[in-house]
Amino acid sequence: MSQDSVSVLDAALTCPMHELHPMHPELLKRPWAMNRRLRDEAPIYQDPQSGIFFVSRYDDVVKMAMDPANFSSVMLKPTRAMGASQDPELVAILKEGYPTVATMLTQDPPLQRRYRKFVDGAFSPSSLKALEPFIENTANALIDDMIKDGECEFLSAFGVPLPLRVIVSQLGAPMSDLHLFRKWTEAFIGNLSQQLDAEGIRESARGMVEFQHYFVERIAERRADPKDDILSKIVNASIDGEQPLSIEECLSMISQILVAGNETTSASITEGIWLLIENPQEYEKLKRDPSPEMISNFVEEVLRISSPSSNMFRRSVHEVEWHGVVIPKDAILFARFASANQDERRFPEPSRFDISRPNLKEQVAFGKGVHHCLGAALSRREMNIGFKVIFERLQNFRLSEGASAPEFAANALLHGVEGLHVSFDPA
Ligand code: HEM
């Protein structure tokens, strides 16, 4: 960490509260100490730059997530960089694509529930059970590729490709198109990051439009010739005699599945390995007992600490006073799932990685209420199976010689490591 980063982090703990800028890139990367200050001193805090109200305590975040009537997920003005920009070049790029419509994540009940019905079948326990051999084979194939080297950059060697290959196979695309999916995911994430310049936003838009045209073709293929995959289930589902989803609705749902499904799971799997390296006593516990129950506890604690979906948007439907702060109608709030998961009021010694925590299951990395993550069961399977295969085949994870602790990316909504160079031995 540079001296500049250290001084930004220190200042966030000592500056007058109203001077705290929680969206500073250094604080997005390493928010933990600042989050504690917010939970203790300003549980509802309005960022003076963006105007967003930060809701940081566990009970408050859960309350907000459980109350879509008062805290809506429908934004009246665009909150993402692409929608908010007036750049004529950007407008011209977006004209080549399809208009975006609000579906699951950006919609409220009852419409949100309607969209969920279209995809619930695709993520049912029986559909996911059928996917397990594919997940296990993919994890083994990725380890086959790295085991002889004794070291790798774990995010790109395992963390990214495991969920990416699963989702690409389920979205009806050939593995030869994997690189395109990586590119499009980055385009969508860039749009969410709130950190891009004008050219960066245009580049994101080009990626998004390319993604749309690609999927319009795949949707047509699956409508003509359905297969046993998630895409076929989404594009052909007809609920309660209603029309199937329109092209624009399908594109919106697929893009949410792609973004929500890749980056988050990749981040948690990779941070899981880092947490083992940082916490040898917990690693020992797993070595002594790598049973499915222990791996499942480990996964829940990794999810709590990593919380890759760190902040999500909400809008206040009415004026509300909360912890002495007046939040006007139609204000933008952040439901801060990552901060909630580190709230000492719920998780004693919250920064301690402890796979024996009695209340592991209370973590809210997947959100809560009507928007509770569609892919939670899939993601848990990927992590549980992925780590089982890792523990069977690799051991003694450590930082590679000369490598330092991982850096985190600066992103307003998603939190994750930028890379992790590790060495290991065959088990
Ligand atoms: C570690 C992995 C994951 C984490 C931490 C995560 C986190 C979350 C969170 C916090 C929400 C709630 C958002 C809100 O309340 O506004 C959510 C919703 C969602 N997630 Fe995930 N997610 C993960 C994996 C996945 C996967 C694998 C998929 C799909 C394949 C997925 C698809 C979705 C979708 C579509 C929604 C919106 C649901 C709705 O609004 O009805 N997620 N996720």
request  = Exactly one condition in (1) under 16 Å from residue 337 (Cα atoms); (2) surrounded by 16 or more Cβ atoms within 10 Å (Cβ to Cβ) is not met by residue 9; state its number.
outcome  = (1)
request  = Hey, can you tell me all the residues within segment 104-122 that are outside any helix (DSSP H, G or I) and within 10 Å of the ligand (Cβ to nearest atom)?
outcome  = 104, 105, 106, 107, 108, 109
Candidates 273, 239, 257 - the one that is more than 18 Å from residue 380 (Cα to Cα) and either touching a Gly at 6+ places or on another chain (Cβ under 7 Å) or within 16 Å of the ligand (Cβ to nearest atom) (or both) = 239
ask   = Which of (1) within 15 Å of the ligand (Cβ to nearest atom); (2) touching an Asp or Glu at 6+ places or on another chain (Cβ under 8 Å) is the odd one out, the single condition residue 207 does not satisfy?
value = (1)
message = Pairs please, first residue from segment 365-380 and more than 6 Å from the ligand (Cβ to nearest atom), second anywhere and β-branched (Val, Ile, Thr), Cβ atoms under 7 Å, 6+ apart in sequence or on different chains.
response = 368/62; 380/299
message = Tell me whether segment 87-97 contains one or more residues that are loosely packed, with under 14 Cβ neighbours inside 10 Å, more than 13 Å from the ligand (Cβ to nearest atom) and part of a loop (DSSP other than H, G, I, E, B).
response = yes
remark   = Given the conditions (1) crowded, with 19+ Cβ neighbours inside 10 Å; (2) in a helix (DSSP H, G or I); (3) at pLDDT below 90, every one holds for residue 183 apart from (1)
request  = Kindly indicate whether residue 268 is assigned to a helix (DSSP H, G or I) and either of a type in the set (S, T, N, Q) or at positive phi (or both).
outcome  = yes
ask   = Under the condition of being outside any helix (DSSP H, G or I) and touching a residue at least 60 places away in the same chain (Cβ under 8 Å), which residue from segment 2-40 is nearest to residue 312 (Cα to Cα)?
value = 23
request  = Starting from segment 104-126, keep only residues that are under 17 Å from residue 259 (Cβ atoms) and small (Gly, Ala, Ser), then list their pairs with residues that are modelled with pLDDT of 90 or more and within 8 Å of the ligand (Cβ to nearest atom) whose Cβ atoms are within a distance under 8 Å, requiring at least 6 positions of separation or different chains.
outcome  = none
message = Can you pull out every residue in segment 229-265 that is of a type in the set (D, E, K, R) and either assigned to a helix (DSSP H, G or I) or touching a Ser or Thr at 6+ places or on another chain (Cβ under 9 Å) (or both)?
response = 229, 233, 248, 249, 263
note = Exactly one of 276, 231 is surrounded by 17 or more Cβ atoms within 10 Å (Cβ to Cβ) and over 26 Å from residue 112 (Cα atoms), and that one is 276
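Rundown of residues vs (1) of a type outside the set (Val, Ile, Thr); (2) part of a loop (DSSP other than H, G, I, E, B); (3) surrounded by fewer than 20 Cβ atoms within 10 Å (Cβ to Cβ), yes/no style:
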{"position": "293", "(1), (2), (3)": "yes, no, yes"}
{"position": "299", "(1), (2), (3)": "no, no, no"}
{"position": "313", "(1), (2), (3)": "yes, no, no"}
{"position": "329", "(1), (2), (3)": "yes, yes, yes"}
{"position": "347", "(1), (2), (3)": "yes, yes, no"}
{"position": "356", "(1), (2), (3)": "yes, yes, yes"}
request  = Looking for whichever is without any contact (Cβ under 8 Å) to a residue 24 or more places away in the chain, within 21 Å of residue 156 (Cβ to Cβ) and not in a loop (DSSP other than H, G, I, E, B) here; the options are 284, 203. Which one fits?
outcome  = 203
inquiry  = I want to confirm something. Restricting to segment 342-364 and keeping residues that are among the aliphatic types (A, V, I, L, M) and farther than 12 Å from residue 58 by Cα, which single residue is farthest from the ligand (Cβ to nearest atom)?
reply    = 355
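The values are calculated or read from the model by the stated rules, or taken from the named source; none is laboratory data. Remember, it's a predicted structure, so these values are computed and weren't measured experimentally. So basically every Cβ, Gly included, is an ideal-geometry build from the backbone, and we count neighbours across all protein chains shown.
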